[in-house]
Every structure is written in C-alpha cells, then in structure tokens.
Amino acid sequence: MSLSLNAVTLTTLTVGTIFYGMYLVLFFISLYLLLRPNMTHKPTSIFRSAVFLLAICLLVVVTAHWITIVYQAFLVFVVPPLGPEAEIVFNKHMHVTMIAQDSLMIIAIFVGDSLIIHRLWVVSRSKVILLVPAASLTAFTVSGFISLRILLGSTDVFTDPLLKVDSVLTLLTNVYCTAFITWKIWTVTKAVMPSDGMNLQHFVVIVVESAGIYSIWVVFFVVTFQVQSNLQSSIIQTGPALIGLVNALIQTRAWLGWTSEQTDKTSQLPSPLQFAGHDGNLNALMVEDIGESRFTP
C-alpha cells in the first residue's frame, strides 16, 4: 500500500532530525579536536584548509535543508488546507519546499563527493586517477539540475529518469574514490613498520565503513524509486544529513585515533612514510590538508 503524505512527512522529519542531531554532535566534536591547542598545527592554519571550508559549507547546506524539512512538517500537520483555494496555496507551498529541498540536496551531495575526491587527491596526487571521479561529479551536477528543471514542470517525481542516473553517478564517485584510497594506502603500508601500517589501515577502515553507509543509502533509494514507493521521498530527503554525518564521522574517528596515538607514543621512531610540507600521519592529513602534503615513501 502506498504511503500517505502524512506518513512520509513524519518519517522524513523523524529520521532527518535524528541524523541531523547526530551530525551536529560529531561535527562539533571534530571541530573541538581540530582546534585543540596541543595539536601539531597552528590553530589558525585549519581555517585555510580546503576540508575545513568544505565542512563548514556542508554544515550550512545541511542545516538549511533540515529547516525545510521542519517547514514541510508544519505545512502538513499545522496548517492543512480547509478548502479548494487553500488547497491550491498549500500545494504551491509544498512544491516550492520540494524544489528548495532538492536544490539543497544536490549541493550537499556535490560537497560530500568533493570531500572524498579531495581525500583521494591528497593520497594519490595523480590527476589521471582523478579524471573518473571529476567527470562523474561534473555529470552529476549537470544531471541534477536538469532533474530540478523537470521537477519544476511536473508533479510526478517518478517521471524523471535522471534521478536514477544521479544515484549511479554519486555511487560511482564514492566507490571509485574509496577503492583507490584503499589501494594507495595498502601499497604504501607494505613498506612501512607495523605500527605505521596499523595506523594507516585504521583510516582505511573508517573510510570504507563510511562509504558503505552512504552506498547502502543510495541503493535503498534506487530500489524504492524503482518500485515507485513514496518512501523514496523520505530516503532522499534524509540524504544531506546522512552525508554530513558520514563526513563528520570520518573526521571525528580519524582525529580521535590520532590524539590517542600521540598520547600512547611519548617517543616515536622516524617513519619511512613521510609527508612533504607537513609533520604528521595520514589521519591528520586527511582531515586537515595543510601545505603540499603528499606521499613520498
């Protein structure tokens, strides 16, 4: 049986708020860890980091998207239409809200995919490797806004074939980047000491787990969209909060692992794995991206 508008709206509000709350907690924890005075970087240097700027942008977008979810819930449950004219106004407001939500969702996916592409660039420093995710991100952006134009002139979201294309493109970007990050770290850890290898492998686990969560979300959306279930609306509208949650999870777990490592190791032998222009390990590099850091085994 098809889900009603009330059920979809309530599901979106509940799940979206839970994800958004978890995201805020993890974001501010990661921010605190980044700005701690006992870090190896200058407190002001993080503000010039590409990852930090993208994370702030993602915070603004996810927050704005969550506000539209709350507004939509007020439209459905607090100010329901009471007559033909009121219903017309209600439908117009709902349509405008959906356009805003979809626009912010596209931006959130763009920023989230840009973050993982950036991490791949930090690890590989290879423009050739970046060709595929850069092309898929560009195609997603174009396809996403074409889908938005289709939605402007249609009331049936299932008539838009590009939504599945968008899903495949963002899934390709994340799987590709995760695979190459894993491969690059694996090839480097073969030449380093066990302690360093464990540190890098810890980051691989974080990235793979986060990519797995995001991939499950994308696949779940494609399945519900394919069977034309209204549940697809709840899934896709909780996407921005999930994207923020996944990225904050990477940053928080990476920095927690880094700080605990620094606490445990009062003295550390020089590692054969070095980063040009930045003293630190892969965890710090992935979150901070300060200077021209790169692998030089």
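Every number in this text was worked out from the coordinates using simple rules, so none of it is lab data. Because the structure is a prediction, the values reported are computed rather than measured. Note that we place each Cβ from the backbone using ideal geometry, even for glycine, and neighbour counts take in every protein chain shown.
In terms of other Cβ atoms within 10 Å, LYS164, LYS184, LYS127 run from fewest to most in the order LYS127, LYS164, LYS184.
Treating region 77-136 as a set of equal point scatterers at the Cα positions, no solvent, please give the Debye-formula log₁₀ I(q)/I(0) at q = 0.20, 0.26 Å⁻¹. Here the Debye-derived log intensity ratios amount to -0.79, -0.99. Across region 1-123, Cα-Cα pairs farther apart than 23 Å form 47% of the total.
Largest first and in whole Å, the equivalent-ellipsoid semi-axes of region 132-193 read 37, 9, 6, each the square root of five times a Cα gyration tensor eigenvalue. Placing pseudo-labels 7 Å out from each Cα toward the beta carbon at ALA179 and MET22 gives an inter-label distance of 2.7 nm.
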